[in-house]
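Chemist: Mind having a look at this structure? Questions to follow.
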Amino acid sequence: MHYSAIKRKIVKRIDKLCCQPIEVFVFHAVSDSFDPALNKQVDWSSSTEFKQRILSFKQQYTFISLDEAYHCLHRDLTRQKKLAVLTCDDGFASILSILPFLEHEQVPITLFINPKYLDGTSIRTGYATAPKYITQNQLFALKSNLTSIGMHGYEHLDATKQTPEEFAESVDKCINILSSHPRYIPFFAYTWGNHNDTTDRILAEKNIVPVLCDGGATRRYYNGISRKPIDTQYLQSELVNSLIR
Ligand SMILES: [Zn+2]
């Protein structure tokens, strides 16, 4: 075994003993009631449930921003505190209504945005009608220090099904549109968490941090930050799975 591989194995062992993992949660749409024209059950939580979930997480974890988590994952040799990060993908307009709650609870949030839908008219494939998205004006009006803005692809497409040129162009368009936002961070959440060596290389060349959706937590940064979905249906299926196992 190569020396660096042995070193990494030892570090991983030590991490397991001394370093609490940082949990990064992802959710999508949140609204008072489910609207089949605008929501997909798999991506949705009711406002009441969502708020209860966050309050319950707050009893277990200290919430920090994604940026802070990234630095902790590099810097902290040991970590006893249980840290968590909240992220939200897709930029549905419905989540604007829960931002005041998160602000009140002092929970930082990163919104991963597809800039194409900021025009308020473009429709993402797979939806019966256009889900309402955050518009460019609404996005640029978000100035709280607790909110940060990351990338989710120009359109909501599977990065692994794009050519390297198409994926690189999509990332460049995201940077062009989002990097002027005062709360922009160079983090890219892969749609459905799908990625490969080529997409990872393209992000690395542009100094962008990949954010995954692999159901895991991260103890130390290697080549991406793991996330767990917390939308209602996902949690229910996880609960069912854990009962079957
Ligand atoms: Zn998405």
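Just so you know, all these numbers are worked out from the coordinates, no wet-lab data involved. As the structure is a computational prediction, the values presented were derived from the model and not from experiment. Note that we place each Cβ from the backbone using ideal geometry, even for glycine, and neighbour counts take in every protein chain shown.
Chemist: So how strong a dipole does the stretch 18-244 carry about its Cα centre when Lys and Arg Cβ are +1 and Asp and Glu Cβ are -1, to the nearest 20 debye?
Modeler: That gives a dipole near 640 debye.
Chemist: Here's a follow-up. Using a simple charge model, +1 on the beta-carbon of Lys and Arg, -1 on the beta-carbon of Asp and Glu, nothing else, what dipole does the stretch 48-154 show about its Cα centre, in debye to the nearest 20?
Modeler: The calculated dipole for the stretch 48-154 is roughly 180 debye.
Chemist: Tell me, Tyr154, Tyr222 in order of fewest to most beta-carbon neighbours within 10 Å?
Modeler: Ascending number of Cβ neighbours within 10 Å: Tyr222, Tyr154.
Chemist: May I pose another question? Using just the C-alpha positions of the chain as equal point scatterers, what log10 of I(q)/I(0) does the Debye formula give at each q in 0.08, 0.11, 0.18 1/Å?
Modeler: Those come out to -0.31, -0.59, -1.55, one per q.
Chemist: Taking H as built 1.01 Å from N, whose amide H comes closer than 5 Å to the amide H of Arg183, not counting residues under 5 places away?
Modeler: Counting only residues 5 or more places away or on other chains, the set is empty.
Chemist: Rounded to the nearest 500, what is the 222 nm mean residue ellipticity of the chain from helices alone, with -39500 (n - 2.57) per DSSP H run of 4+ residues and division by all residues?
Modeler: Result for the chain: -11000 deg cm²/dmol, rounded to the nearest 500.
Chemist: Arranged by the count of other C-beta atoms within 10 angstrom, fewest first, what order do Thr198, Thr125 take?
Modeler: Ordered from fewest to most neighbouring Cβ atoms within 10 Å, Thr198, Thr125 come out as Thr125, Thr198.
Chemist: Could I ask something else about it? Please rank Asp119, Asp172, fewest neighbouring Cβ atoms within 10 Å first, as an exposure proxy.
Modeler: In increasing order of surrounding Cβ atoms, one gets Asp119, Asp172.
Chemist: Set the bar at 27 Å for Cα to Cα. Now go through Lys58/Lys116; Lys51/Lys173; Lys51/Lys82 and name every pair that lies beyond it.
Modeler: Table pairs above 27 Å Cα-Cα are Lys58/Lys116; Lys51/Lys173.
Chemist: Principal axis extents for the stretch 114-237, Cα atoms only, whole Å, descending order, please.
Modeler: 38, 36, 34
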